[in-house]
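The values are calculated or read from the model by the stated rules, or taken from the named source; none is laboratory data. Quick caveat: nothing in here was measured; it's all calculated off a predicted structure. No Cβ is skipped: glycine too gets one built from the backbone with ideal geometry, and neighbour counts run over all protein chains shown.
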Amino acid sequence: MTALAAAGASKAPGAAEFVPDTGDLSALRTASGDCRGCDLYRHATQTVFGEGPADAAVVLVGEQPGDQEDQQGHPFVGPAGQLLDRALADAGLDRDTLYLTNAVKHFKFVERGKRRIHKTPGRTEIVACSAWMSAELALIKPKLVVCLGAIAAQAVIDRSFKVSEQRGQVVSLPDYRAIATVHPSAVLRAPDRAEAYAAFVEDLKQVRAEMRKRTAR
Ligand code: URA
Ligand code: SF4
């Protein structure tokens, strides 16, 4: 094998070659089950694809599935998802009207005894997986994309986006607007959880206000 071929062989192809050219969200979801666009599929249980109405005006993007999501095959069903559900309700948003997905669709973790500890996805995995999110957004055509945490904001908005400085601000992108807030698991880990939760709900209220503004006649 030449050095170039060896380099090619070790380089993950990215998700693009697994994304079907035609079809709806359910075709995408099915195809994503066989994705080998990076190494994360090797140790995770299954691909966790986005879920929600195909015509959702608002798409929420998280980081990657967690332990529960990996086992159940659905986004935001673990502790962070439960906190998110409560915060959405407190902000007056109905989860059933939103499409929820993740920047990276396989769970990345390290094993500590019997526990699987979340490991933040790297740039390679975020870039490799981005073709799935692009395909989801191209089909759904949302008005607003809500980035939950830094990884989502970097994947959707810009690599240098700082959630701590720019949270709650609406950013105009070519195909939709975007707004970033913290990740719900950051609220769970915050030293002052009540304060972090209230700030999270405030950001989600911005999402609601933004949607109202756009749909008001
Ligand atoms: N955290 C995420 O970012 N996404 C999930 O689906 C669950 C937890
Ligand atoms: Fe494919 Fe994304 Fe899973 Fe990597 S994380 S194998 S790119 S679906």
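So here's what we get for this one:
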{"item": "Qualifying residue in segment 102-120 (condition: more than 14 Å from ligand 1 (Cβ to nearest atom) and within 25 Å of residue 178 (Cα to Cα))", "result": "no"}
{"item": "Counted residues, segment 95-143 - those being over 11 Å from the mean Cα position of the chain (by Cα) and part of a strand (DSSP E or B)", "result": "8"}
{"item": "Test set (1) crowded, with 19+ Cβ neighbours inside 10 Å; (2) part of a loop (DSSP other than H, G, I, E, B); (3) touching a residue at least 60 places away in the same chain (Cβ under 8 Å) - residue 65 fails condition number", "result": "(3)"}
{"item": "Criterion: surrounded by 20 or more Cβ atoms within 10 Å (Cβ to Cβ) and away from ligand 2 (no atom under 16 Å from the Cβ) - qualifying residue of 145, 170", "result": "145"}
{"item": "Selection count where residues are surrounded by 12 or more Cβ atoms within 10 Å (Cβ to Cβ) and under 16 Å from the mean Cα position of the chain (by Cα), scope segment 150-166", "result": "11"}
{"item": "Any hit, segment 189-206, residues being more than 28 Å from residue 25 (Cα to Cα) and within 13 Å of ligand 1 (Cβ to nearest atom)", "result": "yes"}
{"item": "Looking only at segment 56-92, and only at residues there that are away from ligand 2 (no atom under 16 Å from the Cβ) and either of a type in the set (S, T, N, Q) or touching a Phe, Trp or Tyr at 6+ places or on another chain (Cβ under 6 Å) (or both), the one that is farthest from residue 153 (Cα to Cα)", "result": "72"}
{"item": "Index of the failed condition, residue 146 passing every other in (1) in a helix (DSSP H, G or I); (2) touching a residue at least 40 places away in the same chain (Cβ under 8 Å); (3) of a type outside the set (Asp, Glu)", "result": "(1)"}
{"item": "Matching residues, segment 21-41, being assigned to a loop (DSSP other than H, G, I, E, B) and either hydrophobic (A, V, I, L, M, F, W, C) or in contact (Cβ under 8 Å) with a residue 12 or more places away in the chain (or both)", "result": "24, 33, 34, 35, 36, 37, 38"}
{"item": "Residue 208 in a loop (DSSP other than H, G, I, E, B), surrounded by fewer than 18 Cβ atoms within 10 Å (Cβ to Cβ) and either of a type outside the set (A, V, I, L, M) or modelled with pLDDT of 95 or more (or both)", "result": "no"}
{"item": "Where residue 75 falls short, out of the listed (1) assigned to a loop (DSSP other than H, G, I, E, B); (2) farther than 27 Å from residue 57 by Cβ", "result": "(2)"}
